[in-house]
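All of the numbers you see were taken from the coordinates with simple rules; none came from a lab. Keep in mind that this is a model prediction, so the values were computed, not measured. Because the Cβ atoms are built from the backbone with ideal geometry, glycine has one as well, and the counts that use them run over all protein chains shown.
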Ligand SMILES: Cc1ncc(COP(=O)(O)O)c(C=O)c1O
């Protein structure tokens, strides 16, 4: 039998890197087996260390909306690299990227560029606390906002109690201001505001939660959340690290603005697509709030590599492509075709299956209907999901190796890729039935 180079690399990696990976979900622990080590990628595919090709539905967990190695993005990155990797001084491209973001998000008047979604979410919360002079924050169970200490928290035993750390190394005092509520639960939200409204700096939410697979905040829930934040002077922080420039050009906030006239979040957190695969993220909002940041205001925030010239070139070139008028309708059509195909294949095989999508992001569950919150997501059949994951992997289709992660389609996925994926899924669904 030929040697498995993925396994060899995994063993080498495990000797030096905890768990063999530099971010936990890559380790395949939820599904078992050997992670694929990527040798190279092009368009909708990547090739692993054994030379096997996969249709990639992760796309670096969201950023690769144009697929891998888009020629115009590559050209922009190569040109920027020859001009200098990093200066620690301002550049024109940072302004251009800020202009591009502001143009498409009416809620954002000013932006600050940073290097990761974690940094952007952490900084937005500091800004919300600084701007309101309040300490408490609300987050929702199943939403992820990066790994800042105060956000690694699970719900306490009752509504009036604050959370407990979910990670060792986070002292309980650090999460004592973080309330964790159930997603899409209006009654709990109202109760929390009634009890803590005057002390709330902000509510941070993934409007379409991609860290519990794909769960939309319902329109009535979002409408009430907006009303309560406004009424109590708490800032509504949309974490659009995943959904920003991915579910629509105007991001998830534009999806809610269609259903709720005049709807806007206060602060917006971005990452992933705006960097096109390079380390770049941002947060933004109204001028009066953003001007609370250093060097203008008292809220400190900084970064050696913030607004990196190569990353901004990559982000700008990516945004240039996705702002073409036909881009999002075509991407949404492709994603919908994938979701419809998967639904039909599961139904034919008699496998309980529910799926949803928006723009270039999708999610599916081995459940009879779409869940509305984290406990419902966790009712998914994990061993069955593991079989589905490995069945697809064996057939050259790479989806997220955990049932609580979303999937991503790029403009590089062809109709044939989608058809092949649906065919592979049909085979696996039939094997799940028996
Ligand atoms: C919604 C959301 N917020 C924040 C983050 C953290 O971003 P990063 O991994 O770039 O630190 C992620 C990462 O997946 C995310 O999905």
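Between residue 194 and residue 344, the modelled labels are 4.9 nm apart [label points 7 Å from Cα along Cα→Cβ].
Peptides 308-315, 173-180, 293-300 ranked from most to least packed by the mean count of surrounding Cβ atoms within 10 Å: 308-315, 173-180, 293-300. All Cα-Cα separations within region 260-361 were binned at 5 Å from zero, giving a P(r) of 2, 10, 11, 14, 16, 15, 11, 9, 6, 3, 2, 1, 0, each value a whole percent of the pairs. Short-range pairs are left out: with C-alpha atoms under 8 Å and at least six residues apart, the relative contact order of region 301-434 is 27 percent. Mean sequence separation of contacting Cα pairs (under 8 Å, at least six apart), scaled by the length of the chain, corresponds to a relative contact order of 22 percent. Full extension of the segment from residue 72 to residue 382, taken as 0.36 nm per residue of separation minus the current Cα-Cα distance, would add 107.6 nm.
Seen from all sides and averaged, what is the projected area of the convex hull of the Cα atoms in region 43-159, in nm²?
Numbers: hull surface 48.4 nm².
About 12.1 nm², averaged over all directions.
Extending 7 Å from Cα along the Cβ direction at residue 25 and again at residue 227 yields two label points whose distance is 3.4 nm.
Could you list log10 I(q)/I(0) for region 71-322 at q = 0.14 Å⁻¹, which the Debye formula gives when each Cα is one point scatterer? For region 71-322, the Cα-only Debye profile gives -0.90. Spin-label pair residue 395-residue 291: with each label point 7 Å from Cα along the Cα-Cβ axis, the two points sit 5.8 nm from one another. Peptide packing for 42-51, 79-88, 266-275, 64-73 was compared via the average number of neighbouring C-beta atoms within 10 Å per residue; ordered from the highest value, the list is 266-275, 64-73, 42-51, 79-88. Measuring spread by the Cα atoms of the chain yields a radius of gyration and Dmax of 21.4, 67 Å.
Per residue, the average separation of C-alpha pairs within less than 8 Å and at least 6 apart gives region 239-287 a relative contact order of 36 percent. If both residues of a DSSP beta bridge must be in region 71-322, then about 40% of such bridges are antiparallel.
Largest first and in whole Å, give the semi-axes of region 1-82's equivalent ellipsoid, each being the square root of 5 times a Cα gyration tensor eigenvalue.
Values: eigenvalues 138, 43, 37 Å².
Values for region 1-82, descending: 26, 15, 14 Å.
Round to a whole angstrom and tell me the spacing of the C-alpha centers of region 118-153 and region 374-397. One Cα centre to the other: 31 Å. Take the Kirkwood radius over Cα pairs of region 338-434, plug it into Stokes-Einstein at 20 °C and 1.002 mPa s, and you get 159 µm²/s for translational diffusion.
For the chain, what is the calculated [θ] at 222 nm in deg cm²/dmol (nearest 500), taking -39500 (n - 2.57) for each run of four or more DSSP H residues and dividing by its residue count? Only helices count here, giving -12000 deg cm²/dmol. Values of log10 I(q)/I(0) for region 324-390 across q = 0.15, 0.22, 0.23 Å⁻¹ run -0.54, -0.96, -1.01, by the Debye formula with one identical scatterer at each alpha carbon and no solvent. Report the Stokes-Einstein translational diffusion coefficient (µm² s⁻¹, integer) for region 248-300, Rh taken as the Kirkwood radius over Cα pairs, at 25 °C with viscosity 0.890 mPa s. Approximately 191 µm²/s, per Stokes-Einstein.
At full extension, residue 8 and residue 79 could sit 22.0 nm farther apart than now, given 0.36 nm per residue minus the alpha carbon distance.
Run through the DSSP bridge list for the chain and note the antiparallel percent, rounded to the nearest 5. Don't skip to the answer; put the middle values down first.
Numbers: 27 of 46 bridges.
The answer is about 60 percent antiparallel.
Ranked by the mean number of other Cβ atoms within 10 Å of their residues, highest first, the peptides 181-187, 6-12 fall in the order 181-187, 6-12.
Put the Cα centre of region 189-235 next to the Cα centre of region 311-332 and the gap is 30 Å. Overall dimensions of region 198-294, expressed as equivalent-ellipsoid semi-axes from the Cα gyration tensor (√(5λ), whole Å, largest first), are 21, 18, 12.
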